[in-house]
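The values are calculated or read from the model by the stated rules, or taken from the named source; none is laboratory data. Not measured: the values here are computed from a predicted model. Quick reminder, even Gly has a Cβ in these numbers, built from the backbone with ideal geometry, and neighbours come from all protein chains shown. Accessible surface areas use protein heavy atoms only, side chains included; no ligands, DNA or RNA. Shrake-Rupley method; radii C 1.70, N 1.55, O 1.52, S 1.80 Å.
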Protein chains: 2
Amino acid sequence: MALVVNNGPRRSAAGVFTSNRVKAAPVVWSEQVLRVGAVSAVILNSGGANACTGPAGFQDTRATAEKVAASLEGHRAGEVAVASTGLIGVRLPMGKLLPGVESAVAALSADGGEEAAVAIKTTDSVHKTAVVEGAGWTVGGMAKGAGMLAPGLATMLVVLTTDADLESDVLDKALRAATRLTFDRVDSDGCMSTNDTVLLLASGAAGVTPEYAEFAEAVRQVCDDLARQLIGDAEGASKDIRIDVVNAATEDDAVEAGRSIARNNLLKCAIHGEDPNWGRVLSAIGTTSATFEPDRLNVAINGVWVCKDGSIGADRTAVDMSGREVVITADLAAGAQSATLWANDLTAEYVHENSAYSS
Amino acid sequence: MALVVNNGPRRSAAGVFTSNRVKAAPVVWSEQVLRVGAVSAVILNSGGANACTGPAGFQDTRATAEKVAASLEGHRAGEVAVASTGLIGVRLPMGKLLPGVESAVAALSADGGEEAAVAIKTTDSVHKTAVVEGAGWTVGGMAKGAGMLAPGLATMLVVLTTDADLESDVLDKALRAATRLTFDRVDSDGCMSTNDTVLLLASGAAGVTPEYAEFAEAVRQVCDDLARQLIGDAEGASKDIRIDVVNAATEDDAVEAGRSIARNNLLKCAIHGEDPNWGRVLSAIGTTSATFEPDRLNVAINGVWVCKDGSIGADRTAVDMSGREVVITADLAAGAQSATLWANDLTAEYVHENSAYSS
């Protein structure tokens with residue numbers, strides 16, 4: 001359990017949530033909180049997603065927010081966001097959780113960011129934080145997430161904070177622009193969570209209002225850094241796969257082709273086996289609606305163009321896949337747009353982690 | 001390598017092919033053959049998909065058909081369908097393949113069906129055949145396929161034959177109606193092949209023209225039987241998963257929800273671990289555009305309604321998942337339509353089979 005408190009003077013905030021139509025109670029709650037626009041605190045728990053728990057589960061979320069507000073000076077439950085992660089379809093252990101809130105309040109400190117990042121880990125093997133410094137202001141963030149990373153937000157709980165002095169609508173614009181290019185473009189296993197939550201809180205404590213472009217770029221960098229850390233720690237993965245789709249007719253085409261490649265189980269197995277099996281890249285592209293001609297497609301793996309004009313290219317034995325990072329470049333030869341996505345290989349360890357116990 | 005010859009008197013035929021936009025040379029060739037409507041022979045090879053091999057690969061397919069026609073009495077290359085399976089992006093070993101055609105012709109026999117079904121196996125652990133008898137006519141079939149089984153036809157080579165006396169357009173109608181409900185509704189790993197081919201040849205040798213409904217039902221039964229055999233032999237699988245989506249607003253909704261469930265890696269891992277993790281069923285449904293209300297969804301696993309009204313239902317420990325077959329019933333509570341799909345669990349053996357060598 002972790003608690004993030006915004007000491008102000010400002011309490012503006014923005015949030016992006018899962019696009020799964022089955023949403024966890026804390027997502028429904030926090031969306032309501034964000035509608036007002038002020039977030040004074042965020043309480044995060046692992047050990048239970050509080051998803052598919054009905055009206056009683058929603059009351060558990062509300063009770064958690066109320067407990068946080070009651071345990072802090074000058075907070076209202078309606079400004080407390082809640083984020084949960086863990087097994088779907090079980091009630092939270094409220095008898096343990098509510099006293100946990102009190103402990104979290106007692107442990108609050110100005111330099112507790114690292115500790116909070118550790119506290120929200122579930123199957124994460126490492127905690128994830130990132131910071132970008134502006135001129136007199138800072139954006140920092142922490143993330144948890146190791147599985148169920150997928151489009152429309154990888155499964156993750158992310159809290160970004162800044163001391164910049166900005167209104168909620170500016171935060172919202174910067175956060176949406178950033179997540180579209182970062183968290184929305186990682187895909188560890190094609191599965192979309194019921195609990196994805198990315199929050200950005202601004203305290204205004206720096207007394208500085210940065211230029212929008214500069215601030216947005218800082219938010220993008222922090223999100224990009226955290227997204228890359230999520231992929232690097234995905235459940236059971238032994239390879240991080242960067243997919244650059246280039247020369248697409250539109251950015252949407254590039255993303256669609258990239259997602260199809262990212263989700264292809266056979267390709268993910270081949271990369272696990274360090275096999276530059278470019279045929280599986282082409283068969284993945286072939287299932288999309290992107291503009292392309294099959295006999296103009298080119299594919300490079302780690303810089304070696306193993307497929308040229310939809311057919312056999314350079315010698316595949318020239319590809320070195322021994323490193324952790326594998327780069328697949330898919331050239332659609334249909335335009336000038338591009339997109340980069342991140343994925344992982346599929347391993348026996350992934351199967352083990354997701355079959356050996358309920359999660 | 002296997003050879004199927006239609007001795008007539010009729011040589012009508014129908015075919016259904018992969019909807020992957022990246023199509024193997026033999027698929028492009030056989031689609032052309034089918035456009036004329038007569039198929040006198042089918043030559044099938046494993047060991048190479050002849051996909052993404054450019055114009056030279058297409059010439060290899062043409063040379064194979066020409067060799068078959070030259071080795072048989074009264075056949076034209078333009079009536080010889082070709083089906084290949086194996087690694088994408090490598091040329092076929094024509095120096096071995098063309099003599100192989102001669103051997104196949106020499107080995108032709110009226111009761112060689114079983115032998116042919118064995119010959120087309122790749123990673124299949126068993127050969128797959130099925131037969132339905134009508135009044136004075138018969139429909140039989142053989143299939144190969146163990147991986148890359150996915151929507152819009154599982155990856156497979158299937159040849160059905162009948163001695164019924166029917167025109168190609170009748171065969172086409174019956175075959176499309178059958179594949180839509182059978183091969184199109186199995187999904188072992190979400191991956192769509194470049195080589196899927198299902199052919200139905202009619203010789204008319206029985207001299208009987210069955211009623212359409214009766215014949216179509218026989219074709220559907222043979223396809224259904226073969227599709228079930230494909231799922232039962234999917235690479236690395238330890239469970240066959242039957243997904244019944246019921247009370248959907250439309251059949252399309254039922255199929256969309258079913259496919260999303262069928263492809264969810266986390267759910268497939270859970271079923272491998274005999275964990276009745278219904279939350280993963282709901283989160284899969286939540287990514288679809290099907291009509292449903294999250295708080296009206298119900299899910300049963302092997303008959304136990306573990307999820308009621310989108311929330312916790314019967315005790316999940318009551319579910320027995322020890323058998324090979326697992327039935328997931330997803331009740332969308334939105335209408336009266338339904339669909340059944342088949343999938344497999346995701347196992348360490350699947351990862352091994354698809355990472356240890358190129359395929």
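Annotations
- Modelled this way, with points 7 Å down the Cα-to-C-beta line, the labels at residue B:31 and residue B:7 are 3.4 nm from one another.
- Global form of the stretch B:1-114, assessed from the alpha-carbon gyration tensor, a/c cut-off 1.5: oblate
- Span from the the stretch B:297-350 Cα centroid across to the the stretch A:61-85 one, whole angstrom: 36
- Think of chain B as a dipole: +1 on every Lys or Arg Cβ, -1 on every Asp or Glu Cβ, centred on the Cα centre; then among B:22, B:137, B:159, B:22 lies furthest on the positive end.
- Normalised contact order of chain A, rounded percent, pairs of Cα under 8 Å and 6 or more residues apart: 17
- Counting only the Cα atoms, the protein assembly as shown fills a convex hull of 143 Å³ per residue.
- FRET efficiency estimate (nearest 0.05) - Cβ-Cβ, residue A:357 to residue A:305, R0 51 angstrom: 0.70
- Per-residue 3J(HN,Hα) values for the stretch B:332-340, derived from phi via the Karplus relation 6.51 cos²θ - 1.76 cosθ + 1.60 with θ = phi - 60°, read 7, 6, 9, x, 10, 9, 8, 7, 10 Hz in sequence order (x marks Gly and Pro).
- Whether the stretch A:58-152 is rounded, prolate or oblate, judged on the alpha carbon gyration tensor where a/c under 1.5 counts as rounded: oblate
- Rounded to the nearest 20, the Cβ-based charge dipole of the stretch A:160-303 about its Cα centre (Lys and Arg +1, Asp and Glu -1) stands at 520 debye.
- Shown are B:308, B:121, whose ranking by accessible area with a 1.4 Å probe and every protein chain present, most to least, is B:308, B:121.
- Take residue B:238, move 7 Å from Cα toward the beta carbon, and the resulting point lies 2.0 nm from the same point in each other copy, nearest first.
- When shorter helices are ignored and each DSSP H run of at least 4 residues is given -39500 (n - 2.57), the per-residue value for the protein assembly as shown at 222 nm works out to -10500 deg cm²/dmol.
- With a 1.4 Å probe rolled over the protein heavy atoms of all chains, the accessible area of B:76, B:35 falls in the order B:35, B:76, largest first.
- If the chain linking residue A:317 and residue A:242 were pulled fully straight, counting 0.36 nm for each residue of separation and taking away their Cα-Cα distance, it would gain 25.0 nm.
- Nearest to the axis that brings chain B onto chain A is this chain B residue, judged by its Cβ, with the distance in whole Å: B:348, 2.
- The long axis of helix B:251-262 is offset from the longest Cα principal axis of chain B by roughly 80 degrees.
- The calculated FRET efficiency for residue B:252 paired with residue A:19, based on their beta-carbon distance and R0 = 25 Å, is about 0.75.
- Candidate lysines for bridging to residue A:239, where Cα separation is under 20 Å - those fewer than 8 sequence places away on the same chain excluded: A:128, A:144, A:268
- The stretch B:246-279-the stretch A:182-231 distance, computed between alpha-carbon centres (Å): 31
- Per-residue Karplus couplings for the stretch A:129-137, computed as 6.51 cos²θ - 1.76 cosθ + 1.60 with θ equal to phi - 60°, are listed in order as 9, 7, 9, 10, 9, x, 7, x, 8 Hz, Gly and Pro entered as x.
- Listed by chain and number, the aspartates and glutamates whose alpha-carbon sits under 15 Å from that of residue B:308, ignoring those within fewer than 8 places in the same chain, are B:293, B:295, B:331.
- Label reach from residue A:177 (point 7 Å along Cα→C-beta): in the stretch A:200-219, amide nitrogens under 18 Å belong to A:200-202, A:209-219.
- Average beta-carbon neighbours from other chains, 10 Å sphere, peptide A:272-282: 6
- Calculated label separations, residue A:125, copies of the chain, 7 Å along the beta-carbon direction, nm: 3.0
- Global form of the stretch B:16-232, assessed from the alpha-carbon gyration tensor, a/c cut-off 1.5: oblate
- Share of carbon and sulfur in the accessible area of chain B stands at 49%, probe radius 1.4 Å.
- Ranked packing of B:174-181, A:93-100, most packed first, by mean Cβ within 10 Å: B:174-181, A:93-100
- Listed by chain and number, the lysines whose C-alpha is less than 17 Å from the C-alpha of residue A:67, apart from same-chain residues fewer than 8 away, are A:96.
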